[in-house]
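The values are calculated or read from the model by the stated rules, or taken from the named source; none is laboratory data. Bear in mind the structure is a predicted one, so any value in this text is a computation, not a measurement. Backbone-built Cβ (ideal geometry, glycine too); neighbour counts: all protein chains shown.
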Amino acid sequence: MKIRTLKLREAHMPTSSGGGPSYCSVLWDQKAYHVVTASSSDPTIAIHDSLLLSSPPKLLRHHRDGVTALALSPNSTCLASGSVDHSVKLYKFPGGEFQTNITRFTLPIRALAFNKSGTLLAAAGDDEGVKLINTVDGSISRVLKGHKGPVTGLGFDPLSEYLASIDSTGTVIYWELSSGTTLHTLKGVAPNSGFDHSIMNALSWSPDGDKLAVPGLRNDVVVYDRDTAEKLFSLRGDHTQPICSLAWSPNGKYMATSGLDKQVLIWDVDRKQDIDRQNFDERICCLAWKPIGNALAVIDCMGKYGVWDSVTPSSMKSPTEDVPNLQSKNSNGLLLFDEEEGQELSTSGSLSDVGEDSIGESKPPSRKRPHKHTAYEDDLEEDGFDGFRLIPNVKLESRKKARRKYSDNADNENEGVSNKMTSIRSKMQVAFQPGATPLQPGKRRFLCYNMLGSITTIEHDGFSHIEIDFHDTSRGPRVPSMNDHFGFTMASLNENGSVFANPCKGEKHMSTLMYRPFSSWANNSEWSMRLEGEEVKVVALGTAWVAAITSLNFLRIFTNSGLQKHVLSLDGPVVTASGFKDELAIVTHASDCLPSNEQMLEFRVFNITKGSEPLRGRLPLTPGSHLTWFGFSEEGQLSSYDSKGAMRVFTSQYGGSWLPLFSASKEKKSNENYWVVGLNASKLFCIVCKSPDLYPQVMPKPVLTPLNFSFPLASSDLGAEALENEFILNNMHLVQIQKLIEEVGAAGLDTTSLDDEAFNTEAAQDRCILKLIASCCNGDKLVRATELVKLLSLEKSVRGAIKLVTVLKLPNLAERFNSILEERLLNESKRTAETTFPTSNCNASFITDDIAAGKKVISTEQSKLSGNGIPLSTPKLSAPLFAKKAKTQEPKAGTEKTDEKQTATADDDVGKVKTTEVKNATEVNNNAGEMKKVGEVSEVSNDQEKVKKAETPRRASNPFMKKLIK
């Protein structure tokens, strides 16, 4: 075999202290336009033009020390670099603009890797643990711990199910991404590189994801099975020293290996033999196949790089021919961040997931090949190694079947089956804290932001600095800031104090719950709890209690002094929680996601003081959305907000229902996003973020924006959506007030203020109904107008409606309104007589006869107005009787003023309608005869005056009150 020689170009200068070897990196971008190089002795990253290698490269100088690792996202839009300075940085590619320090370590970084969609970045080095970083928000999804030495190589499998890692001691670990657990640990299967950081063990997945290649102990490459970690075969040839770098060709047919013997060999994997080689002056540290074409980029330990063209003979298949198509249907190669994939991986950060099977796994017919006891395993068993089979065979077979189906679908391009497999992989929403923003490296973020104040934190020199601020600065003295050595990631705030918690960070750093009261009569009132074997997911505060929901689905309730009061088991993994006075509301997963990727959530409301559960049910979400905020309004009404911009509130109507109170899609501008903070009875309060930001920054201080509620109403044929929206809102408010009146009355407290509020709301509702009646009359919707008049609560409002339709020259409608008024007065008189004189039949009959006489006179006038002789039917009433009149006639100055005010307001509304609707004011006088009947109705009321004076004043029942949930 002819040995060729490749001339290398200098890209990075060796270290000035002796000029010794360094570890250098090289990689290609997706379209093979650029070659990126770095060296552990040079803080500079070089981006070379692959078409003009002789031209000066673009240099990125952002690290303070040598660059030890590079990784490029699959769509080549984001470049990540790790350094001896302990930082991991992100850049735009190919422009090279610095984006952020996405994470930091306490020791140098040695390895980086992106997953298939670019939503997850794995980083590791001399520190203990492999960090999985969510590139969407910069949060740490997991920290995987198990290696005993520095991690030198990382690789996500192409199907995004596993992560493989290798350390300097030669140990390889398979990690399952869905649970964060160790599947296989292969101890001592690769060379021990010791403390020479210019030599780092590497590993590589085959493009189809079936095999994992690792440097062997016999100057060879050992290939392991994807699912079982069984040794499949080895590639052993002319390497005289251990292999230090390897890379599969894009189609998986070839492999390139470099060894300490300064050789690079090209292997035909199927034939298991080397087909070409090159010798170099220095050891080659890193290899990278060109994604388009027949070439291989190499870089040696002195910082010199080159491109080996025509790696494989022209008589053989090209390295880029028949590349396996494993691209997911949600990845278009243009976007770095795939939201669905990000959710899938970020949701797997719970200890509760350990040991659970993946979604959609079942026991299939066995298609696994028979296991053969190899001599290689015999050697390992002699050394006491037994780390191969760590999961049940059924689970292995299931994974194999799923993988084969996935591979077959890619080969056959069967999109229908592929979509089915994708839907199986949907994951449940991860737990979140209401009012918190994601981690932003180097920036202060909100741990909690609500209607009372905010809690912010920023990481600084290994610890965090936490500050608590209140929106109302006059409420009391400023709360002192504190240094956080626990790494708190969640918090909650109310008038009495604040609670903090952090997740589990290994056996030595257990999850901690801490409560800090704002004031106390005794010293040392702050307390903390450590949870062993579980971690806090969500925290909440109430009047005299602290709640924490953990990864074991435990609800732990403490008093403000730290007494452990209750421990309850929940039905499913927690999503979020919120507290208000004595009530704690929790959202959990009711079941797995639907095939349409819809979350199935359940809410429960506990009364901590009474030890009861007053409410429980399913939490509705907009299809395709997830929950983004959950809590109580200022009045204590349960509310939720989803990612599609729908705000819902829980009401007792219809036995307990969620009302869609607000839709952001109809309100916000195209360049705006709403970040919800809270709400009260009439407004939604949010922070308006400019796209693409989804959440606010701490500085400058965000401003709360009040938004009006708006139900998602259909387009009305009258064009009166605003009035209809006001009508529904008033209705909902009346239901809330009635519920409060019943609760306060049951407690034996005074309800006078609530009665007055209900009366004012009913009057406002009547004004809205009068405007709707005017719109119906103008739109010739007379049947709807008749329905509306039945919903009026006050007698004066009904009389105002009669005047309105009379002025609008609608005599038939006026007659119907009069009939409705007559029947309501008659029913009111009967009810009053039964209440006041339950044993007096003569008085009741006298009143009835008197009303009937008045009715005869009115009917005569109506027949004159109608003229056509059409008989009038009296429909069934749906509004209450006019018991409110008794309240307005009480000999109290305050009540009389309220009555006069409401009367004047109602008359003014009618006057406004008449002014806008009547074109000729002189025509009103021509209808004086028609309005005479209104005066006659008042005679009926005068005949009942004695009865009404004897009646005890009381507030009318609510016309819109439905049966409440007890």
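Kindly indicate which of Pro702, Pro706, Pro696 is touching a Lys or Arg at 6+ places or on another chain (Cβ under 8 Å), at pLDDT 90 or above and within 30 Å of Glu467 (Cβ to Cβ).
Numbers: Pro702 fails: touching a Lys or Arg at 6+ places or on another chain (Cβ under 8 Å); Pro696 fails: touching a Lys or Arg at 6+ places or on another chain (Cβ under 8 Å).
The unique qualifying residue is Pro706.
Limited to the range 193-235, what total is found for residues that are at negative phi, touching a Leu at 6+ places or on another chain (Cβ under 9 Å) and of a type outside the set (D, E, K, R)?
Here the count works out to 18.
Does Asn731 fit the bill of being among the polar types (S, T, N, Q), out of contact with any helix residue (DSSP H, G or I) (no Cβ under 6 Å at 6 or more places or on another chain) and crowded, with 19+ Cβ neighbours inside 10 Å?
Against the criterion (among the polar types (S, T, N, Q), out of contact with any helix residue (DSSP H, G or I) (no Cβ under 6 Å at 6 or more places or on another chain) and crowded, with 19+ Cβ neighbours inside 10 Å), Asn731 qualifies.
Restricting attention to the range 556-601, which residues are of a type in the set (Lys, Arg) and assigned to a loop (DSSP other than H, G, I, E, B)?
The one that is of a type in the set (Lys, Arg) and assigned to a loop (DSSP other than H, G, I, E, B): Lys581.
Counting only residues that are of a type in the set (Val, Ile, Thr) and outside any loop (DSSP other than H, G, I, E, B), which one in the range 513-552 is surrounded by the most Cβ atoms within 10 Å (Cβ to Cβ)? Don't jump to the end; show me each part of the working.
Looking only at the range 513-552, we keep the residues that are of a type in the set (Val, Ile, Thr), and these are 536, 538-539, 543, 546, 549-550.
Next, only the ones that are outside any loop (DSSP other than H, G, I, E, B) stay: 536, 538-539, 546, 549-550.
Details: Val536: 27, Val538: 24, Val539: 26, Val546: 30, Ile549: 27, Thr550: 25.
For the range 513-552, the residue satisfying everything is Val546.
Out of all the residues in the range 207-222, which are free of Cβ contacts under 8 Å to residues at least 60 places away in the same chain and surrounded by fewer than 21 Cβ atoms within 10 Å (Cβ to Cβ)?
Listed by number, the residues that qualify are Lys211, Leu217, Arg218, Asn219, Asp220.
Give me the strands (runs of 3 or more DSSP E) completely within the range 607-658, filtered to those with at least 1 residues that are of a type outside the set (Phe, Trp, Tyr), surrounded by fewer than 15 Cβ atoms within 10 Å (Cβ to Cβ) and at pLDDT 90 or above, ordered by residue number.
Working: elements: 612-619, 627-632, 638-642, 646-651.
In the range 607-658, the matching strands (runs of 3 or more DSSP E) lie at 612-619.
If the requirement is being in contact (Cβ under 8 Å) with a residue 24 or more places away in the chain and touching a Leu at 6+ places or on another chain (Cβ under 8 Å), which of these qualifies: Asn502, Asn494? Break it down stepwise before answering.
On the way: Asn502 fails: touching a Leu at 6+ places or on another chain (Cβ under 8 Å).
So the residue among Asn502, Asn494 that is in contact (Cβ under 8 Å) with a residue 24 or more places away in the chain and touching a Leu at 6+ places or on another chain (Cβ under 8 Å) is Asn494.
Pro74 fails exactly one of the following numbered conditions: (1) more than 29 Å from Pro250 (Cα to Cα); (2) not small (Gly, Ala, Ser); (3) not in a strand (DSSP E or B). What is the number of that condition?
Against the list (1) more than 29 Å from Pro250 (Cα to Cα); (2) not small (Gly, Ala, Ser); (3) not in a strand (DSSP E or B), Pro74 comes up short only on (1).
Quick one: Asn560 ticks every box in (1) crowded, with 23+ Cβ neighbours inside 10 Å; (2) within 24 Å of Phe518 (Cα to Cα) except a single one, so which number is it?
Failing condition for Asn560: (1).
Quick one: count up the residues across the range 81-116 that are part of a loop (DSSP other than H, G, I, E, B), more than 16 Å from Ile133 (Cα to Cα) and hydrophobic (A, V, I, L, M, F, W, C).
The qualifying residues number 3.
Could you say whether any residue in the range 168-191 is of a type outside the set (Phe, Trp, Tyr) and touching a His at 6+ places or on another chain (Cβ under 7 Å)?
So far as the range 168-191 goes, yes, one or more of its residues are of a type outside the set (Phe, Trp, Tyr) and touching a His at 6+ places or on another chain (Cβ under 7 Å).
Could you check how many residues of the range 232-254 are without any contact (Cβ under 8 Å) to a residue 24 or more places away in the chain and either hydrophobic (A, V, I, L, M, F, W, C) or touching a Pro at 6+ places or on another chain (Cβ under 6 Å) (or both)?
1
Going through the range 788-802 one residue at a time, which ones are under 16 Å from Ser819 (Cβ atoms) and assigned to a helix (DSSP H, G or I)?
Leu788, Val789, Glu795, Val798, Arg799, Ala801, Ile802
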